[in-house]
Amino acid sequence: MADSHTPTPRPEPVHLRRSPAHDMRAAMEQACTAGPHRVALREIPFVAQLGIRAVPGEEAAARIERVVGVTLPAAVGTTSGDPDGLHCVWIGPDEFLTIDVSRTHVQGEAEAAAAVLDDDRPGAGRTAGQVVDLSGNRTVLELTGPSARAVLEKGCHVDLHPREFPVGCAVSTLVGPVPMIVHRAHEETFRLLPRSSFAQYTVRWLCDAMLEFRALSA
Amino acid sequence: MLLIDCPHCGPRDEVEFHYGGQAHVPYPVDPYALSDRAWAEFLFYRDNPRGPFAERWVHAVGCRKWFNAIRDTVTYEFLAVYPMGSPPPNTSTASPPAHDSAHDSGSDPS
C-alpha cells in the first residue's frame, strides 16, 4: 500500500449505500396486515452498532462504559439503556453489542471509543478490551403488532412468552435456521438482528410467516 | 431434541450448539517424539464408551463459549456441565452404575 492517504477520513458516500434488506422493502410493505391480528415488518437501516469485548467489573469495561455512555448488562437475556435509543445487549460473559436505533453509523466512532483502552501508563490497570464498529455486521428488522410474537414463535428456539421473555429481554438464538439476536423492545415490538447476508432470507421467512395473519384480517 | 444447559445462557435447544468431540485429550508434549502409530492414535482414536462420556460443546449461536459436559451415551442425559480446563466432576453418584464399563478403552491417546 504505497499510496499516501490524507490522515483525515474522507466522508462516506452515504447516498450510494444500500441496506441489506433494501430490495425487500416492497415485500415487507405488502406483508404488513391490519386489524386485530395486525403485524408489520420494517427494516431500520444503517443502525450504529459497536461490538464490545470486555469483562464487566474490570478497568477496560469501566472505561468503555464511560466513553460509550451505556452500562454493560450483567446477565444473559438482559439489556441496558434506552430501547429506542442507545442500548446494549448481552451476547456472552465478555461480549456485548451496543445498538443505537435512533441514529445511523458514524465513521470513526468505534476507533474514537477504543482510544480509551490505550492508556498504558504504569498503574493504569489492565485494559484488555475491544471496541469495534459492527454497524455493517447485522441489520435491524422490526416486527410489530399483536401477532408479532405468534409470527416469531413459528421458528424461534427460545420461549417468547412474556413470563420468560419480558420487555427488555434480548438473546442470541435461531429463528428458523437463521442465527440472530431477538430483542423485545416493547410489549409488541421485536427487533431482529440477523447478519446482513441473512437479511433477505430472514425477510422472506418472516413474510411467509406473516401470511396467515393477512388471511385472518381479510 | 436435546435441551443443553449452557453454563452462561441456561437451557437452550441442541441446534444452537456444536459438538466438539471428546474432552481431556491432551496435545502431546513432544509431537516429534511420537511414532506414526501414536500420532495417528492422538489424532483419530477416541473413546466410545457406553455410559458417561466427557465431551466438548460450543454454544455456537449464543454466547459462543466452549464448555465441557458429561453426557450419558445411552440415555443422552447430560450429567454435568463444567468449564473448559476443569477436571471432570465425579458423576458416578449421579449416573446409574448399571452400564457396562468394560468397554475397550484401547489406546489412551495421552
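Nothing in this text is a laboratory measurement; each read-out follows from the coordinates by a stated rule. Treat the numbers as computed from the prediction; the structure is a model and nothing was measured. Here the Cβ is made from the backbone with ideal geometry for all residues, glycine too, and neighbour counts use every protein chain on show.
Highest GNM mean-square fluctuation, chain A, Cα pairs closer than 10 Å: which of A:204, A:191, A:17?
The residue that fluctuates most here is A:17.
Treating the angle as unsigned and between 0 and 90°, give the value, to the nearest 10°, between the Cα long axis of helix A:199-217 and the longest Cα principal axis of chain A.
Helix A:199-217 sits roughly 30 degrees off the main axis of chain A.
Shape of chain A from its Cα gyration tensor (a ≥ b ≥ c, root eigenvalues): rounded if a/c is under 1.5, otherwise prolate when a/b > b/c, or oblate?
Numbers: a/c = 2.77, a/b = 1.56, b/c = 1.77.
Verdict is oblate for chain A.
Give me the orientation-averaged projected area of the Cα convex hull of the range A:46-136, in nm², one decimal.
It is 5.4 nm².
Got the relative contact order for the range A:46-136 handy, in percent, Cα pairs under 8 Å and 6 or more residues apart?
Contact order relative to length: 41 percent.
Name the GluC sites (Glu not before Pro) in the range A:135-180 that are in a loop by DSSP and that have at most 15 other C-beta atoms within 10 Å, would you?
On the way: sites: A:142, A:153, A:164; in loops: A:153, A:164.
Sparse-neighbourhood loop GluC sites (Glu not before Pro): A:153, A:164.
Summing -39500 (n - 2.57) over the DSSP H runs of n ≥ 4 in chain A and dividing by its residue number, what mean residue ellipticity at 222 nm do you reach, to the nearest 500 deg cm²/dmol?
-6000 deg cm²/dmol
Which FRET efficiency value, to the nearest 0.05, do you get for residue A:71 and residue A:112 by plugging their Cβ-Cβ distance into 1/(1 + (r/R0)^6) with R0 = 22 Å?
The pair residue A:71/residue A:112 has a calculated efficiency of 0.70.
Quick one: if the Förster radius is 30 Å, what FRET efficiency do residue B:14 and residue A:161 give, using the C-beta to C-beta distance and rounding to 0.05?
So, using R0 = 30 Å, E works out to roughly 0.90.
What average number of partner chain Cβ atoms lie no more than 10 Å from the Cβ of the residues making up A:75-86?
Per residue, the average neighbour count from other chains is 1.
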